[in-house]
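Note sheet for the following structure.
The values are calculated or read from the model by the stated rules, or taken from the named source; none is laboratory data. Since the structure is predicted, the reported quantities are computational estimates derived from the model, not experimental observations. Cβ placement follows ideal geometry from the backbone for every residue including glycine, while neighbour counts extend to all protein chains displayed. Only protein heavy atoms, including side chains, enter the accessible area calculation; ligands, DNA and RNA are left aside. Shrake-Rupley method; radii C 1.70, N 1.55, O 1.52, S 1.80 Å.
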Amino acid sequence: MSTLSELFFTFAKVGAFTFGGGYAMIPILDSECVEKKQWITSDEFMELTVIAESTPGPIAINCATYTGYKRAGIPGAIAATVGMVLPSFFIILIISAFFERLLNYPVVENAFKGIRIGVALLIVRAGIKMVKRELKGSTHKTVSIAFAAVFFAVALVINILGISFSTIYLMIIAGMVGFCLFALPKGRDEK
């Protein structure tokens, strides 16, 4: 199988069998791209996830585009991106024709409730896995744990209280605090 077709079919599989959007795709992308295919390292995946979240567009498509580009340049980026998008496009096209009628069936409605719970658990699992990786590679484990705990608590309080606060601002603040905590001490140590 050629590299382009492998990229296309791998990302088509991810796009076809993942419910719940980009965040739910993170553990599957990690499994396919890092663990099975070893197209990117776990550190690259962590950085890619952060960059993909902070750039315009869906996180899964940004991940597919980067991974495809890394493997096979622009043709690889196109193959991976089309592979990621095409199944979802056709699934949504088919579902949209029958969605109203499908929701009238209690079985379908209850299945969607279960799928939502499963998606939430996938997202939590991906978060835990990423935190474990970050802590494993961190030289400042106590600071990293405190940093993650504080920002998790802030995000949780914001959501519980229903405060309208963009996650973009939270990421910018986290980036600035992270820079101050981790980069500035290194700069002072080097002098």
- Residue in segment 78-103 that is least open to solvent (accessible area, probe 1.4 Å), counting only those that are over 15 Å from Val14 (Cα atoms) and either modelled with pLDDT of 90 or more or of a type outside the set (A, V, I, L, M, F, W, C) (or both): Ser96
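Conditions (1) open to solvent by less than 70 Å² (accessible area, probe 1.4 Å); (2) small (Gly, Ala, Ser); (3) over 20 Å from Ala60 (Cβ atoms), marked per residue:
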site: Val154; (1), (2), (3): yes, no, yes
site: Asn159; (1), (2), (3): no, no, yes
site: Ser164; (1), (2), (3): no, yes, yes
site: Leu184; (1), (2), (3): no, no, yes
- For residues in segment 1-43 being closer than 18 Å to Ala126 by Cα, part of a helix (DSSP H, G or I) and of a type in the set (Val, Ile, Thr), which is most open to solvent (accessible area, probe 1.4 Å)? Ile28
- Query: Does segment 106-162 hold any residues that are among the β-branched types (Val, Ile, Thr) and in contact with a helix residue (DSSP H, G or I) (Cβ under 8 Å, 6 or more places away or on another chain), and which are they?
  - Reply: Val108, Val119, Ile123, Val131, Val143, Ile145, Val154, Ile158
- Within segment 44-67, the residues that are open to solvent by 80 Å² or more (accessible area, probe 1.4 Å) and either over 19 Å from Val85 (Cβ atoms) or assigned to a helix (DSSP H, G or I) (or both) are Glu47, Val50, Ile51, Tyr66
- Query: For segment 8-27, what are the residues that are modelled with pLDDT of 85 or more and within 15 Å of Asn62 (Cβ to Cβ)?
  - Reply: Phe11, Val14, Gly15
- Query: Conditions: (1) outside any helix (DSSP H, G or I); (2) surrounded by fewer than 17 Cβ atoms within 10 Å (Cβ to Cβ). Gly73 meets all but one. Number of the miss?
  - Reply: (1)
- Within segment 104-134, residues being surrounded by 15 or more Cβ atoms within 10 Å (Cβ to Cβ) and touching a residue at least 24 places away in the same chain (Cβ under 8 Å) number 8
- Looking at Leu135, Leu170, Leu184, which one is out of contact with any Cys (no Cβ under 9 Å at 6 or more places or on another chain) and modelled with pLDDT of 75 or more? Leu170
- Message: Tell me yes or no: at least one residue of segment 110-126 is of a type outside the set (Gly, Ala, Ser), outside any helix (DSSP H, G or I) and either within 16 Å of Glu32 (Cβ to Cβ) or over 21 Å from the mean Cα position of the chain (by Cα) (or both).
- Response: no
